[in-house]
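Novice: This is the structure, below, for whatever I ask next.
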Amino acid sequence: MTDENTSEYTSFLAAKTHRAPATGLTEIPELNDKLFPFQRDIVEWALKKGRAAVFADCGMGKTAMQLEWARHVPGRVLVLTPLAVARQTVAEGVKFGIPCEYSRGTFSPDSKIVIANYEMLENFELSQFTGVVLDESSILKSYDGKFRTLIIDSFKQYRWKLACSATPAPNDFMELGNHSEFLNVMSRTEMLSMYFVHDGGETQKWRLKGHAEDTFWKWMCSWAVNVRSPSDLGYDNGKFTLPPLRLQQVSVQSTHRLDGFLFPVQAATLQERLDARRKTIKERTEKAADIIRSRPDEQWIVWCNLNAEASAVCELVEDAVNVEGSDTPEFKSSTMLAFSEGKVRIIVTKPSIAGFGMNWQNCHNVVFLGLSDSYEEFYQAVRRCWRFGQDSPVDVYCVTSDLEGAVVKNIERKETDSRTMSDKMAEHMCEYLRREIKGTTREIMEYKQKKETGNGWEMYLGDCVETVKAMESESVHFSVFSPPFASLYTYSNSERDMGNCTDYDEFVTHFRFLVHELFRVLKPGRLVSFHCMNLPTSKTHHGYIGVQDFRGDLIRLFRECGFIYHSEVCIWKDPVTAMQRTKALGLLYKQLRKDSCMSRQGIPDYLVTMRKPGENPEPVSHDPQDFPVHVWQRYASPVWMDINPSDTLQYRSAREEKDEKHICPLQLTVIRRALEMWSNPGDVVLSPFGGIASEGYVALKMGRKFIGVELKESYWRQACGNLRVAHQENQDMFTAADESQVEDDADVAEYV
């Protein structure tokens, strides 16, 4: 790497480091005296931060706080809200003496605070605003990944950002990551790498590292306030005390049978529960109508999941008004506001339509005609009326069939999980707010460089680009490795980690620096083999379900850097195992039955080999006795069907649970075949992504020399241990062979 390239790489790393400096006010003006003391303290904290999140339970005054925050932000502020909540926000502004204007794209030049629905975002020229508020910000995950990305990208450069939501869903760490990324504190990818771990199973399921739990919640409290009641922050609760919530499951008897069963049984799967709901609509709506008729003079909210449920209950209860997805925005908004004002007695709708943001303390009777698996959806729907400001006990009736099982018990379990999460956040909050407010910081893994050597191996801790750059030109005979699969797995929160990238293009740019260095250090005519797979896309991250040609992109990148596309082998993987592990939509049998246009084959692995141009100064030749033709015929196959996915160093090492596990270790058989075909004994083998040294372990066992590089210290330590084990096993093997030869010689002497 020339000095110019070194400078370019340094600049790239600097640009990749996204820090979140404090952006708020240093002097706080006098705040609205209509706010409660705890509300004023939260607004003051958020104004000092500039970019902050307020997770306040329903009825805690988020609307008043966000409007007061927006009032003091320099310049014009856009407040984005769910449908119908915009009008309520304007009314709240009048109540607190904060002028604001509702807009669908145009507004008065003098407007300081502009209120709009999320659906109207594309109607605005965002350069007209200096700040933004996301009201009910958790609603973002109700949209597809494309919209989430649009929100984050649209306001990335804003100095002033506020995200307001009720307490986040239990254990939904992705939602917290979305907020962190929106506020420029830390990307979701970085958050996962720093505080969470998964061992290569379902990549959407991450668990909080045991040793990082306390640190994680304290980090959360550095940019987010979590308030369930004023007492969480050391204030007297006063009027902020909720009335009783009376949750009742009303189960109706059914004679229907689920599809595939000879007699009635309880549903066990999501599909079976949906089948049970569809077959019991008549019985459940009749029961719901009876419940509603028992209180003829009171208001009711009826939550449905199926259009047929809504239609059926409206036929049975004459003054019920149905608000459904096909209605115009104007009808939805006017009907929901009419219900707020008591002009509509019974409203029938879905949580996805009206479950966020509405203040319906005027009602204390709720019916659920069936429940989805989303606890947050249930929680938000109940909280429309069971919120601070509600004077009456709230009765919630969950009308289900006996086929659906103990639905309420499941809800209560999830409620307990939610409270556990809130408790952990609140534990740190009082202490934090009593301390002097400090600027938000982004933690970054400390960059360390070390080197350990042994008999025939060198293992470097550090940046692979800079380490390979320091190696002598044309000093490597063969390189084999498994690169990071873009950002599918995140190994660390370091900006030097290629798996820790903002997007796919940033990964390609980062990886290109290494490929240039690999070309330089490789001997002419010699090979580089990399293990990879094509990458599934998802609605959450990409906005669509499909497959990205990662293998092809890597081949094109290597060719751009001077390599010749030499060969590749497809490594078969069991699609049933992949389906069970990832639950990928395209592999599910039920998707084949539903719409096979979304069904696909499993995704195999590949071992792709690239060649550096030029004459090979040290040919790799094979003795037919050591490499018989039948072995070559198996290796020459374009598809390897006989690779055991469990044949990894991780499996063979039989390490204790506390030892570091590599997320995606390369199978030893694949490494062994590559080394056998394309290297000589004594050759130098390089792995720039050393991991736990799978490539090095095999190389030493086969009489090669090894150079490895690893950025993550825990992997590096494990790698050094594995390399020492490989050397010791070789020594033990030679010792055993020598002892066997001595015994043979003794036997011959005795015979003579």
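Only the coordinates and a few stated rules stand behind these numbers; no lab work does. All values reported here derive from a predicted model rather than from experimental measurement. Don't worry about glycine lacking a Cβ; one is built from the backbone with ideal geometry, like all the others, and counts go over all protein chains shown.
Novice: With r defined as the distance between the Cβ atoms of Glu318 and Ala91 and R0 fixed at 41 Å, what FRET efficiency is calculated, to the nearest 0.05?
Specialist: That pair, Glu318 with Ala91, gives E of 0.85.
Novice: Work out the FRET efficiency for Ile564 and Thr453 from their Cβ-Cβ distance, taking R0 = 30 Å, and round it to the nearest 0.05.
Specialist: Given R0 = 30 Å and the Cβ-Cβ separation, E is 0.35.
Novice: OK, next. I need the peptides 679-692, 153-166 ranked by packing, meaning the mean over residues of other C-beta atoms within 10 angstrom, with the highest value on top.
Specialist: Highest mean packing first, the order is 679-692, 153-166.
Novice: Which of the pairs Lys539/Lys583; Lys469/Lys612; Lys16/Lys161; Lys156/Lys332 have their Cα atoms more than 20 Å apart in this structure? Walk me through the numbers on the way to the answer.
Specialist: Numbers: Lys539/Lys583 14 Å; Lys469/Lys612 17 Å; Lys16/Lys161 22 Å; Lys156/Lys332 31 Å.
Check vs 20 Å cut-off fails for Lys16/Lys161; Lys156/Lys332.
Novice: Same structure, new question: For the pair Arg104/Ser475, report the inter-label distance in nm, with labels modelled 7 Å from Cα in the Cβ direction.
Specialist: If labels sit at Arg104 and Ser475, their model points lie 6.9 nm apart.
Novice: Sort 386-399, 572-585, 112-125 by the packing proxy (mean of other Cβ within 10 Å over each peptide's residues), most packed first.
Specialist: Ranking, from highest mean packing down: 386-399, 112-125, 572-585.
Novice: Modelled label-to-label distance, Lys594 and Asn410, 7 Å Cα→beta-carbon offset: nm?
Specialist: About 1.6 nm separates the two model spin labels.
Novice: Pop a pseudo-label 7 angstrom from the Cα along the beta-carbon direction at both Ser127 and Asn307 and give the gap in nm to one decimal.
Specialist: 4.3
Novice: Please work out the Kirkwood hydrodynamic radius for region 313-400, using every pair of different C-alpha atoms, and report it in angstroms with one decimal place.
Specialist: It works out to 13.5 Å.
Novice: Students often check this: by mean Cβ neighbours within 10 Å, which of 624-630, 236-242 ranks highest, and how do the rest follow?
Specialist: Packing proxy ranking, top to bottom: 236-242, 624-630.
Novice: Next question, about the same structure. Measuring from a point 7 Å past the Cα of Asp236 along Cα-to-C-beta, which residues in region 34-59 have an amide N at less than 20 Å?
Specialist: Under 20 Å, as judged by backbone N against the label point of Asp236, lie 34-42 of region 34-59.
Novice: For Arg634 and Glu618 in the same chain, what is the full-extension length gain: residue separation times 0.36 nm, less their Cα-Cα distance, in nm?
Specialist: Gain on extension, Arg634 to Glu618, equals 3.3 nm.
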